[in-house]
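Below: the structure, in structure tokens.
The values are calculated or read from the model by the stated rules, or taken from the named source; none is laboratory data. All values derive from a computational prediction rather than experimental measurement. Positions of Cβ are generated from backbone atoms using ideal geometry, with glycine treated the same way; all protein chains shown enter the neighbour counts.
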Amino acid sequence: MTEPWWKSAVIYQIYPRSFADSDGDGIGDLPGLASRLGHLGPDGLGIDAIWLSPIYRSSNHDFGYDVSDFCDVDPTFGTLSDFDELTAEAGRLGMKVVLDFVPNHTSIEHAWFQESRTGPDSPRRNWYFWRPSGPEGAFPNNWGSTFGGPAWQHDPDGDELYLASFTPEQADVNWRDPGLREAMLGCMAFWLDRGVWGFRLDVVDRIAKDPGLADNPIAEGREALVGVMPWLAQAHVNDQNHPDLPALLAEIRRMADSHCSDPLLLGETFPDADDHVRLYYGTPDAPGLHLAFNFNRSLCDIPWNAKAFRNTISRAEDVLPEAAWPCWVMSNHDRARHATRFDANGTAPHRPKAAATILLTLRGTPVLYYGEEIGMRDVRIPEDRQLDPVGNAFPGLGRDPERTPMRWEPGAGVGFTTGEPWLPDGGDVPGLDVATQAADPDSTLSHYRNLISLRRARKSLRLGSFTFLDAADGVLAYVREHEGERTGIAVNMGDGVAPAPEFLTGGEVLLGNPAGEPGLLEPDGFAVVSLDRDG
């Protein structure tokens with residue numbers, strides 16, 4: 001039986017505003033992106049699929065995640081024809097295109113919302129959560145917005161409230177309404193029919209809400225947050241991970257299967273409990289997502305520490321349903337870049353290579369974030385250049401630093417634009433660009449290329465079983481095995497030189513950055529070793 005393509009793929013996330021600007025306006029676009037696909041193709045990184053953060057028409061209060069038209073490209077990025085040319089070029093290079101899709105909410109500028117607000121008799125009124133305010137302006141329930149404050153907003157042109165779990169400009173949609181479901185599924189089918197291979201589904205664990213909109217209980221020990229940040233104070237049992245979620249995911253899956261021969265549905269999920277993970281994948285009779293980012297057990301929120309990594313990986317594996325496949329990520333558009341997170345002082349130059357060694361050899365599908373292959377770090381954003389609504393609501397917590405322009409070459413504009421970039425690019429940092437690193441066989445970029453090539457060559461790294469092995473303190477060690485092919489991996493995450501695990505002795509080193517003496521690993525040293533039974 002042929003394995004689905006996404007199971008052994010390496011996926012690369014692109015934040016289109018920051019990847020490549022073709023017209024000098026300082027904002028990345030689809031023609032610019034298409035012109036840089038060679039970096040990702042078989043003569044470059046060797047990526048299997050690219051995932052694009054939202055490119056739809058948007059009011060840009062949350063930079064694309066407030067969609068005003070799901071079936072068109074925002075003029076900032078280009079046109080539908082530009083998109084078609086991009087997918088054609090990606091296909092020529094052997095790469096699939098996956099789109100970000102936002103099923104939980106739309107922009108309040110979307111035609112659906114505008115019609116819904118005309119009154120109770122609107123045929124789309126129930127596509128959103130409209131409720132009257134209670135006595136003295138009381139809200140329908142205690143739900144909080146992830147971006148701060150209550151999740152209910154007053155319609156400026158009427159007396160009722162609408163639910164908005166993020167910014168006030170992002171109105172939650174009601175997936176219990178058949179008309180809304182049909183419309184959303186139709187939008188996804190539009191893109192599948194246009195040649196995309198699937199979707200990363202934004203906050204998909206929120207689309208099934210309690211039908212009675214019951215209050216969330218306050219989480220134990222978080223009572224003090226009730227008046228400060230309601231979202232953080234609550235246990236999310238009624239607005240997230242609802243038991244009715246699998247039925248909706250199964251409907252999305254049936255639609256995707258009917259429009260694509262081998263689609264991918266990758267969900268952004270935040271399971272508050274172990275049994276929530278089962279909601280995402282469904283059952284053999286009613287399958288749901290193919291992959292799920294488990295952001296409550298991820299590599300995005302832990303320190304550079306072997307014990308922390310081992311515990312997180314073990315917990316994430318343990319809660320997976322039988323036959324489910326893991327998915328791993330270290331950085332994305334919402335989280336600080338791991339080159340910064342794992343090395344705040346910038347004193348560990350080999351750490352991005354060590355981190356890549358882990359990410360690309362774990363059991364599961366790795367998802368890279370643009371720029372991590374050259375070790376891009378967060379960029380400090382001056383106060384007068386901050387754009388992210390999270391940063392405006394909570395100073396110091398904004399997501400702009402990890403969304404800055406891709407660094408293609410040395411010099412002004414770093415090869416991203418000939419104009420003023422929409423966010424600061426961090427200036428000309430020697431060696432921190434694609435052109436420089438492509439010519440250096442010891443660079444972070446060369447290491448990513450070598451790792452991805454090795455994954456492609458060895459089935460054990462793509463599809464094999466996974467077993468942790470004992471090792472010295474600070475060393476993360478494990479074996480991948482498939483049909484007699486065995487690959488051992490060891491990474492020294494400690495502060496001092498450490499002995500390499502004994503199981504690596506005698507194996508053929510496929511990739512390595514060990515100490516000068518045999519059998520030792522320097523801090524951030526790593527070894528990927530063939531342990532094949534046939535020698």
statement: Of the residues in the stretch 103-123, those that are touching a helix residue (DSSP H, G or I) at 6+ places or on another chain (Cβ under 6 Å) and without any contact (Cβ under 8 Å) to a residue 60 or more places away in the chain number 2
message: I'd like to check something: does the stretch 398-406 contain any residue that is surrounded by fewer than 19 Cβ atoms within 10 Å (Cβ to Cβ), in the same structural domain as Leu30 (by TED's automatic domain parsing), more than 23 Å from Asp48 (Cα to Cα) and not small (Gly, Ala, Ser)?
response: no
- request: Please enumerate the residues belonging to the stretch 261-295 that are closer than 19 Å to Arg194 by Cβ and over 22 Å from the mean Cα position of the chain (by Cα).
  value: Ser261
task: Run down Arg533, Arg486 and say which single residue is among the basic types (Lys, Arg) and at pLDDT 85 or above.
output: Arg486
statement: Of (1) closer than 19 Å to Arg341 by Cα; (2) part of a helix (DSSP H, G or I), Thr436 fails just (1)
query: Mind checking which pairs have a first residue in the stretch 240-256 that is assigned by TED's automatic domain parsing to the domain that holds Val196 and in contact (Cβ under 8 Å) with a residue 24 or more places away in the chain and a second that is of a type in the set (Asp, Glu) and surrounded by fewer than 21 Cβ atoms within 10 Å (Cβ to Cβ), Cβ under 8 Å, 6 or more apart or different chains?
result: Gln240/Asp272; Asn241/Asp272; His242/Asp210
query: Is it true that some residue in the stretch 221-238 is surrounded by fewer than 19 Cβ atoms within 10 Å (Cβ to Cβ), in a helix (DSSP H, G or I) and of a type in the set (D, E, K, R)?
result: yes
- line: For the stretch 1-36, the count of residues that are among the charged types (D, E, K, R), farther than 20 Å from Arg449 by Cβ and in a loop (DSSP other than H, G, I, E, B) equals 5
query: Which one of Gly44, Gly28, Gly38 is buried (at least 20 other Cβ atoms within 10 Å of the Cβ) and either of a type in the set (Asp, Glu) or under 22 Å from Tyr12 (Cα atoms) (or both)?
result: Gly28
- prompt: Which residue pairs have Cβ atoms closer than 8 Å, lie 6 or more positions apart in sequence or on different chains, and pair a first residue in the stretch 205-233 that is assigned by TED's automatic domain parsing to the domain that holds Arg181 with a second residue that is loosely packed, with under 13 Cβ neighbours inside 10 Å and charged (D, E, K, R)?
  reply: Ala233/Glu223
- request: Can you give me the number of residues within the stretch 124-158 that are among the β-branched types (Val, Ile, Thr) and in contact with an Asp or Glu (Cβ under 6 Å, 6 or more places away or on another chain)?
  value: 0
